Amino acid sequence: MDKLRSLLQRTLGTVRQHMGTDQFGNKYYYIPEQKTWTGQTTRARRTVEPAEKEIYKYETGHIPTEWEAWIRGKRKDPPTIEEILKNEQIRLNTIAKGEELLKTDKAAPSTEGVAAQPVRTQTKGHASAKLYEKLTPTEEPTSTANTFEPGSWNAKKK
């Protein structure tokens, strides 16, 4: 098979395998790794032959997402028509649900300008302190930084 492919490549040019056609008429091809007549190896490629031959008529979305992922090498196998149709139905359902949600949001009474005031918390002491507001002097060298006075604590001599 490799010898036949090599012979075809030399006589006809690049050998490419047709992998599929999408609903827009675009044709997708796989070009395997090949050796040129000079002995150089060309890497494998994936290409698309667009249905719309004039480039200026091309619009975004003319290549399905699944085929684009295959061309870019994000997926190993080309997509099936069933997979494309299923994903298209999911996209349409999502768009319909989004439009329905927008309609219900517009119908709901506006709460603009009526925002809840943030709750103010009062911090007392250090977060790791076991008891807050304990101001009695102790022998331990602990401080909450609010009651510290330089020179007020002396280490015990052992």
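A simple spin-label model places the labels of THR41 and LYS27 2.9 nm from each other, with each point 7 Å out along Cα-to-Cβ.
Per residue, the range 12-92 exposes an accessible area of 74 Å² to a 1.4 Å probe, with every protein chain left in place.
Sorting ARG72, ARG45 by solvent-accessible area of protein heavy atoms yields ARG72, ARG45, largest first, with a 1.4 Å probe. In this structure, ILE63 and ALA107 have a Cβ-Cβ separation that, at R0 = 35 Å, corresponds to a calculated FRET efficiency of about 0.40. Sorted on the mean count of surrounding Cβ atoms within 10 Å across their residues, most packed first, peptides 49-55, 38-44, 64-70, 19-25 read 64-70, 19-25, 49-55, 38-44. For ILE95 and GLN17, a Förster radius of 30 Å and the Cβ-Cβ distance give a FRET efficiency of 0.30, rounded to the nearest 0.05.
Among the protein heavy atoms of the range 47-96, carbon and sulfur supply 57% of the accessible surface, probe 1.4 Å, non-protein parts ignored.
The values are calculated or read from the model by the stated rules, or taken from the named source; none is laboratory data. Keep in mind it's a predicted model, so treat the numbers as computed, not measured. Backbone-built Cβ (ideal geometry, glycine too); neighbour counts: all protein chains shown. Note: accessible area is taken over every heavy atom of the protein model, side chains too, but ligands, DNA and RNA are not part of it. Shrake-Rupley method; radii C 1.70, N 1.55, O 1.52, S 1.80 Å.
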